[in-house]
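Quick one: this structure, given as structure tokens, is what I'll be asking you about.
The values are calculated or read from the model by the stated rules, or taken from the named source; none is laboratory data. Here the structure is a predicted model, which is why all the values come from computation and not from measurement. Quick reminder, even Gly has a Cβ in these numbers, built from the backbone with ideal geometry, and neighbours come from all protein chains shown. Surface accessibility is based on the protein's heavy atoms, side chains included, excluding ligands, DNA and RNA. Shrake-Rupley method; radii C 1.70, N 1.55, O 1.52, S 1.80 Å.
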Amino acid sequence: MSRARADEEEYWHSSKFRAFTFDDEDDELSQLKESKRAVNSLRDIVDDDDDDLERVSWSGEPVGSISWSIKETASGSTSSLEGRDSSLQKGSSSYAAFPKQVSSYSLSSLFKGRNKLPSFQSLSDALTDTGVKNYAPELRRPKAEYKDYTSDWSPKDTVRRMQRGKVCSLERFRSLQDKMVLLDEAVARHDGNVITAVLIFLKRTLRREILFRELEVRQVALCHLIHFLRETGEQKFLLDLLRFLDRTEEVALSQYREHLNIQDVEKRREFLKGCIGLPFSAEDTSHIQDHYTLLERQIIIEANDRHLEMAGQSEIFRKYPRKASILNMPLVTTLFYSCFYHYTEAEGTFSSPTNLKKTFKIPDKQYVLTALAARAKLRAWNDVDALLTTKNWLGYTKKKAPIGFHRVVEILQRNNAPVQVLQEYVRLVEDVENRLNLATKYKCHDVVIETYRDLKDRIQLTAYKCKVERGSAEEEKINSILSN
């Protein structure tokens, strides 16, 4: 035992290797052989006092060696290599048999706290062995990669790393002061994503009263949190926050928005009825009341029209079947629907267009525009004429269009109105240049000829003569004007 220890001490205090110099002329093969002898000499140092104890390993390989790691991670590949090695040993005498490696770790060394060096395959053998595939052991991740998770970053450094997309743990910010400093740093960086991430962390780790009190003096972070809660649909948390801030109108509007999630029409109507008493402003209260009244009207109109359509008692429903339900439609869509299917009904009925105009105080411009589009789609030109005709207090009638006759012409042309109808309203366009452009664009020849006649523009009238058909009534009209 003492002899072995003396040899070991002599080995560690002596060296067979020379320091590297650029003048070293030893070839690579001699260096490899010398390394092989140095590694193999390690086996002589190991004492043999523990021969009476059984050496323990799972696979017969030195624990911790490269071959042991390979067998643990790629056992299937190793078995195929062993079959290949055995075939090489049987088939050719030029290949030396691989000696079976015995684990140099024993129970006695484990109990005595000794670490014995395993025997490795020499580098020269690894280079000359072409029949065995080399495997690299799995390496551990560099410690620098764990720095993002374990280092004690300051709030400023944490926010900076979050901006660069680094993963940073916020759990170490435990005190309220540290959390508020972190939030202030995020706001100072003007990065919405970082602010939102910090707010989510604070929302999860702080009591609501404490969080609301701190955000009350941080308006930028408060606006971010309110927007985030609205986007994610956390209605209860949002209402608690608005009540804490004493924003009663915003609380009412948030509650009113809940009607969008109610699909049943009757339940939505009852919900809107309950919203009328919420603390809205005067203007918003009027809108809520109109919304409730409109939905109530739509329910009545929908039930009546569905019955008429199924019974086949109305000609307009047979000729133009409904494409969709009117329920939950906007006011303008409801007015168009009423002008399309119920234009001639008396004002006393809920589905009458004039009743809708009076109930919801629809402006004349909006009413004329909607009614004109509905009646022009049905090609009811008499209704269009009556819609645009007014009487003065003396009983005289004249055409009047709150939306302008140039828009009337565009709507009529979009619905394929005849040229005679278009010409009647093109003449009523007051601006001369605009009138000539519309008349030329829609081929209203009579309007163009009459306008040039009134302007006494002989040159333009002569030029326009080339644009009409030969022998047509328009050409004769131009010749008559030019001759006079």
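Solvent-accessible area per residue for the range 151-246 at a 1.4 Å probe radius, Å²?
Ligands and nucleic acids excluded, the figure is 56 Å² per residue.
D for the range 365-443, whole µm²/s, Stokes-Einstein with Kirkwood Rh over alpha-carbon pairs at 10 °C and 1.306 mPa s: what number?
Taking Rh from Cα pairs, D becomes 124 µm²/s.
Roll a 1.4 angstrom probe over the protein heavy atoms and tell me the percent of accessible area of the range 183-249 that is carbon or sulfur.
C and S atoms contribute 50 percent here.
Same structure, new question: Please tell me the relative contact order of the range 365-443 in percent, rounded to the nearest whole number, where contacts are Cα pairs under 8 Å and at least six residues apart.
Here the relative contact order equals 26 percent.
Right, something else. Determine the principal axes of the Cα atoms in the range 391-484, then give the extent along each, sorted from largest to smallest and rounded to whole angstroms.
43, 32, 21
Using a 1.4 angstrom probe, figure out how much accessible area the range 408-481 has per residue, in square angstrom, rounded to the nearest whole.
61 Å²
Can you run phi through the Karplus equation (6.51, -1.76, 1.60; θ = phi - 60°) for the range 178-184 and list ³J(HN,Hα) in whole Hz, with x for Gly and Pro?
After applying 6.51 cos²θ - 1.76 cosθ + 1.60, I find 4, 5, 6, 4, 4, 5, 5 Hz.
Find the relative contact order for the range 413-484 and round it to a whole percent, using C-alpha pairs within less than 8 Å whose residues are 6+ positions apart.
Relative CO of the range 413-484 lands at 21 percent.
If I model a spin label at residue 325 and residue 245 as a point 7 Å from the Cα along the Cα→Cβ vector, what separation in nanometres do I get?
That separation, rounded to one decimal, is 3.7 nm.
Once both labels are modelled 7 Å past Cα along the beta-carbon direction, what's the residue 455-residue 469 spacing in nm?
About 2.6 nm separates the two model spin labels.
Considering amide H positions built from the backbone, and no H for Pro or chain starts, which residues 5 or more places from residue 380, or on another chain, come under 5 Å of its amide H?
Hits under the 5 Å cutoff: none.
Okay, moving on. Pull out a ≥ b ≥ c, the square roots of the eigenvalues of the alpha-carbon gyration tensor of the range 351-396, then state rounded if a/c is under 1.5, prolate if not and a/b is larger than b/c, and oblate in the remaining case.
Cα axes put the range 351-396 in the oblate bin.
Here's a follow-up. Per the Kirkwood treatment, what hydrodynamic radius in Å, one decimal, follows for the range 151-246 from the mean inverse distance over all distinct Cα pairs?
13.6 Å
Modelled label-to-label distance, residue 156 and residue 281, 7 Å Cα→beta-carbon offset: nm?
4.3 nm
Along the charge dipole of the range 365-443, Cβ charges K/R +1 and D/E -1, which of 367, 423, 402 sits furthest on the positive end?
Result: 367.
Also: Can you give the FRET efficiency for residue 174 and residue 218, using 1/(1 + (r/R0)^6), R0 = 22 Å, r = Cβ-Cβ distance, to the nearest 0.05?
So the FRET efficiency works out to roughly 0.65.
From the phi of every residue in the range 254-261, what ³J(HN,Hα) in whole Hz does the Karplus formula 6.51 cos²θ - 1.76 cosθ + 1.60 yield, where θ is phi - 60° and glycine or proline is x?
5, 5, 5, 5, 5, 5, 5, 8
Please go through the range 399-465 and write out the GluC sites (Glu not before Pro) that DSSP classes as loop and that have at most 15 other C-beta atoms within 10 Å.
Answer in residue order: 430.
Using 1/(1 + (r/R0)^6) with R0 = 56 angstrom and r between the beta carbons of residue 349 and residue 181, what's the FRET efficiency to the nearest 0.05?
Step by step, r from the Cβ atoms, then E = 0.25.
How big is the range 253-395 by the Kirkwood estimate over distinct Cα pairs, in Å?
Hydrodynamic radius (Kirkwood, Cα only) of the range 253-395 equals 16.8 Å.
At 0.36 nm per residue, and after removing the present C-alpha to C-alpha distance, how many nm does the segment from residue 373 to residue 308 gain when stretched out fully?
My answer for the length gained is 21.0 nm.
Using the Karplus curve 6.51 cos²θ - 1.76 cosθ + 1.60 with θ = phi - 60°, work out ³J(HN,Hα) for each residue of the range 467-484 in order, rounded to whole Hz, and write x for Gly and Pro.
Using θ = phi - 60°, the values come out as 8, 9, 6, 5, x, 7, 5, 5, 5, 5, 5, 5, 4, 5, 5, 5, 6, 8 Hz.
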